[in-house]
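Quick note: the coordinates plus some simple rules give every number you see, no bench work behind them. Source: prediction; values computed, not measured. With ideal geometry, Cβ positions are generated from the backbone for all residues, glycine too; neighbour counts draw on all protein chains shown.
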Amino acid sequence: MVRSMSQETLAYKENPRVRPYVQIARIDHWFKNTFMLLGVVLALFVEPSRFAWSSLPVLLLAFLATCITASSNYVINETLDAAFDRKHPTKKRRPAANWEIRRRWALAEWLVLGVLGLALGWAVNPAFMGAIAALWVMGVVYNVRPLRSKEVPYLDVLSESVNNPIRLVLGWFALIPDRFPPVSLILAYWMVGAFFMAMKRFAEYREIADPARAASYRQSFAHYDEPRLLISLFFYAIASALFSGVFIVRYQLELILLVPLLAGFFAWYMKLGLQPGSPVQNPEKLYRERGFVLYLLATVCFGALLMFTEIPALYDLFNVEIARTPKLWTIE
């Protein structure tokens, strides 16, 4: 039997619980903040002296600040999406969609977590706090009217996936706060995130299997269909390859040896996205795909190794000069 909102409210008054407020913070999604690691590795590549035990407390604090800020974004996302989530086959069981939370308390949780994230970011350094603020602001842009970019086709994917390069910058600023990482890599990371998000949209659209119902759940689905989403996937994959190529040629040609593994990663992820009941709809559960996770770890380890490897023959083969720039860009 479907309960009315007033019945849910009465039940809440009789038995208020803390657990739903913990659930909407989505602590199980914190693993996504490991995307900061690329920024950390890149910073160590530029300044190897940062590879020291003294950097560990700063990195842990930076990771915590990012997780707290991400939770603030998750809270506002679930709070404002409750009415839409009730139309989704699985998300309708979320605490907000099931009337298990009070809106004003959830909004207070959103603000408290946001302020705490900014405070922890300031404790790392001002540049890092600026990036934390950008992460929080994008949560507002994505979820809050009149902006609510999640309802605009293609912009929904791009505005959500921009959190990936922000996380890269967070990892970088945690160690190097006075310079900016390569723009080519930031753009490549953005397009990789867009590929992930578009694949999630594609899997969701196929899972709902009803265009009208899909559009009632997510407004951008009124424009999307399977061919359009697939075409966007190819665009994001090609764009990420282009910007990655610029970074590789400019900074570390040895990373060209990583390209076949990266292509395999994209192909495997797309294969998962095309499966019925695709796991990419809930990326936090991808750890269950053990073969995929092992492949990803091997790719990351090989990439990290190549960052600190020199193979002069590659430069002769591709007719590329070895980069001798000791620094990237300086923030004036």
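Within a Cβ distance under 9 Å of Q281, other residues only, what is the Lys/Arg minus Asp/Glu net charge? Working shown, then result.
Working: positive: K200, K285; negative: E204, E207.
In short, 0.
What is the distance in Å between the Cα centroid of region 261-321 and that of region 99-114?
37 Å
Between 0 and 90 degrees, rounded to the nearest ten: what's the tilt of helix 163-173 against the longest Cα principal axis of the chain?
50 degrees
Could you compute how fast region 52-148 diffuses translationally, taking Rh as the Kirkwood radius over C-alpha pairs and applying Stokes-Einstein at 25 °C with viscosity 0.890 mPa s? Give it in µm² per second.
Working: Rh = 14.3 Å.
Stokes-Einstein gives a translational diffusion coefficient of 172 µm²/s.
Report P(r) for the chain: all Cα-Cα distances, bin width 20 Å, range 0 to the bin holding the largest distance, values in whole percent.
Reading upward from the zero bin: 29, 56, 14, 1.
How large is the Kirkwood hydrodynamic radius of region 1-180, in angstrom, based on all distinct alpha carbon pairs? If you can, show how the numbers build up before the last one.
Values: mean 1/r = 0.0574 Å⁻¹.
Radius from the Kirkwood sum: 17.4 Å.
I'd like the Karplus ³J(HN,Hα) series for region 303-315: coefficients 6.51, -1.76, 1.60, θ = phi - 60°, whole numbers in Hz, and an x wherever there's a Gly or Pro.
x, 4, 5, 5, 4, 10, 10, 10, 10, x, 4, 5, 5
Which value, in nm² and rounded to one decimal, describes the direction-averaged projected area of the C-alpha convex hull of region 182-332? Provide the component values of the computation, followed by the final result.
Numbers: hull surface 45.8 nm².
Average of the hull's projected areas for region 182-332 equals 11.4 nm².
So what's the net charge close to D316: Lys and Arg +1, Asp and Glu -1, counting the other residues with Cβ under 14 Å from its Cβ? Before the final figure, lay out each step's value.
Working: positive: none; negative: E254, E310, E321.
Within the 14 Å Cβ shell, the charges total -3.
Compute the acute angle (0 to 90°) between the alpha-carbon long axis of helix 226-251 and the principal axis of greatest extent of the alpha-carbon atoms of the chain; round to the nearest 10°.
Tilt relative to the chain: about 30 degrees.
Cα axis of helix 103-124 to longest principal axis of the chain: angle in degrees, 0 to 90, nearest 10?
20 degrees
Can you sort F128, F45 so the residue with the fewest Cβ neighbours within 10 Å comes first?
On the way: F128 26, F45 15.
Listing F128, F45 from fewest to most nearby Cβ atoms yields F45, F128.
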